[in-house]
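One structure is given below, encoded as structure tokens.
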Amino acid sequence: MFRLINKTINKNAIIKINNNNNIKKRFCSTTTTTNKDNIYDIIIIGGGLVGSTMACSIGNNNTTKHLKVALIESSKIQTVEQSISNPIPEIRTISFNNQTIELFKSINVWDTIKSTKRVNPFNQVRVWDTSGFEGIHFQDNHHNNNNKNDNNTTTTTTTTTAMGYIIENNIVTSSLLSKVKEFENIELFEQLSVKSMNDYNEETIRTTSILPSVTLSNDQQLHAKLIIGADGGNSILKKQLQVPSIGRVYNQKAVVCTLKLGMKEDNNSNNNNNNNNNNNNNNNNNNNNNNNNNNNNNNNNNNNNNTLFQRFLPTGPIALLPLANGYANIIWSTNLMHAQYLLELDDESFLEQVKDSFLKSPSTSNSSFFEIASNLFNLNPKGLSGNEIYLPPIQGLVSKRASFPLRIDHTFNYTLPRVCFIGDASHLVHPMAGQGVNLGMADVKTLSSIIEQSVQSGYDIGDAMMLKRFEEIRKPENLKMLLSIDTLFNLFTNNSIFVTGLRNFGMSLLNNISPLKNLIIGVSKGESILKFK
């Protein structure tokens, strides 16, 4: 018998670990017990993007594929075919960086995702605000200097690679869960949630051989050496374990919807159409339909749906995310009152609001300050008005509008005895940088590696020291991104003369410093500045 501290644990929930030194007997998949059916090496709570990727990562690894895994998902699971049955994209889309795509490739799910023909790469990002400055143009270029033409002279050609990929959430999730079903070691529990953690006690789990357990909504009880919480920002597991976190509510909502983009209009007909092309017509009149392969990187008026647009408004940022097949997703972060107003507008009025938010310059009392700053620091040498940004023509609204509240949150401890939190369950960020899911995928990659090392070295996969290594690696990275995004939010929503001038000075400076721009592009692609051994 084990002496329980402070709490009484249901005797049916008490499972002891076999402490045999033989490595094979460290895993429930190779141990014998009368209750073997409900004992797992790993329980993953949450079968969304992060949780299902975690399951696939374990199942696809030769070192860990023998581990018995339970994946618990509360929603009804769609097949890949069902996820693409509607030709109109769903309103929830994700920007995946290249590191996440490499992870998808490593677990052999990327080909399935691509086969849906709903994957859209983007290789440019245009960011600007309402003050009239040029903004920043990010483009990922790789130059080759060894091309020779017929007269044996060397020419330099530029090829553009994807900075990221915009894909619908349900397509990626269904592809991952389809892959999960291929693994014999993974059991998928569909439309079930966790009802309780059965009197989980940290001291008891830490100092005894008792395994933690969960009770599902159907009263089924499961035990595991490691429980992974991947159940999102409103994590039930975190609430039940009363894990503290720090954060704040932005008092904002993100209004989201799907648009159908129109064909490229003739430049000469656009003079009265929000001044879309004032700055770019001179060099592009004859090239609008010849840019299928990204060869003319300085041409902003092509038909390729490969540019992500983001404008910072006084109330918050609005972004247009390019989707496959001529669609786009709008994510408009704004205050609560304005969000409600946008949701209640008729479709035509809402579209006018969207167009104005990207292209219209609001009146400002700070114009004299900007004029002085421009003259002193040459911040706006081209004399731009802020209306020159090209935006693809919008044909119409093809979805309902929805909204979700925005907040920032960071869990103090990513791990407890035999428990680990990943993804939004441990860190939430503002969607303006599109990095929330990518941070969760980086968690998956690190935790998968930690579990693999535990198996190889003969450690218990729920060992506190091994789990602490995961936290030591991921917490600085997540905090760095979280604080950076929060700082950007504060910077771009502060409309004081001083902050606005400082902000635009920084943007103008950044746009002309290629190494720094390339560094930011690298971070957006998932290439971390911080390196950990």
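Taking a 1.4 Å probe, which of VAL437, VAL419 shows the most accessible area, and what order do the others take after it?
So, going from the largest accessible area down, we get VAL437, VAL419.
Roll a 1.4 Å probe over the protein heavy atoms and report the accessible area of ILE205 in Å², nearest 10.
Roll a 1.4 Å probe over it and ILE205 shows about 10 Å².
Apply 1/(1 + (r/R0)^6) to the Cβ-Cβ distance of ASN251 and ASN108, taking R0 = 51 Å, and write down the FRET efficiency to the nearest 0.05.
For R0 = 51 Å, the calculated efficiency reads 0.75.
Once the other residues with Cβ under 10 Å from the Cβ of ASN329 are scored (Lys, Arg +1; Asp, Glu -1), what is the net sum?
Once all neighbours under 10 Å are counted, the net charge is -1.
For ARG311, ARG401, ARG248, ARG206, give the ranking by accessible area with the largest first, probe 1.4 Å.
Descending order: ARG206, ARG248, ARG401, ARG311.
Translational D (Stokes-Einstein, µm²/s) of segment 406-491 at 10 °C and 1.306 mPa s when Rh comes from the Kirkwood sum over C-alpha pairs?
Approximately 118 µm²/s, per Stokes-Einstein.
Give LYS114/LYS480; LYS179/LYS239; LYS400/LYS475; LYS181/LYS225 a once-over and call out the pairs whose C-alpha atoms are over 25 Å from each other.
Over 25 Å apart, Cα to Cα: LYS114/LYS480; LYS179/LYS239; LYS400/LYS475.
Taking the Cβ of GLY59 as the center, what net charge do the other residues with Cβ under 14 Å away carry, scoring Lys and Arg +1 and Asp and Glu -1?
Neighbour charge sum, excluding GLY59 itself: -1.
Ordering ASP463, ASP347, ASP409, ASP111 by how much accessible area each has at a 1.4 Å probe, largest first, what is the list?
Listed by decreasing accessible area, they come as ASP111, ASP347, ASP463, ASP409.
Assuming R0 = 51 Å, what is the FRET efficiency of GLU348 and ASP219, from their Cβ-Cβ distance, to the nearest 0.05?
Calculated transfer efficiency: 0.50.
The values are calculated or read from the model by the stated rules, or taken from the named source; none is laboratory data. Since we're looking at a predicted model, the values are computed, not measured. Here Cβ is always computed from backbone atoms with ideal geometry, including for glycine, and neighbour counts include all displayed protein chains. The protein model used for the area step is the full one, side chains on, heavy atoms only, and it has no ligands, DNA or RNA in it. Shrake-Rupley method; radii C 1.70, N 1.55, O 1.52, S 1.80 Å.
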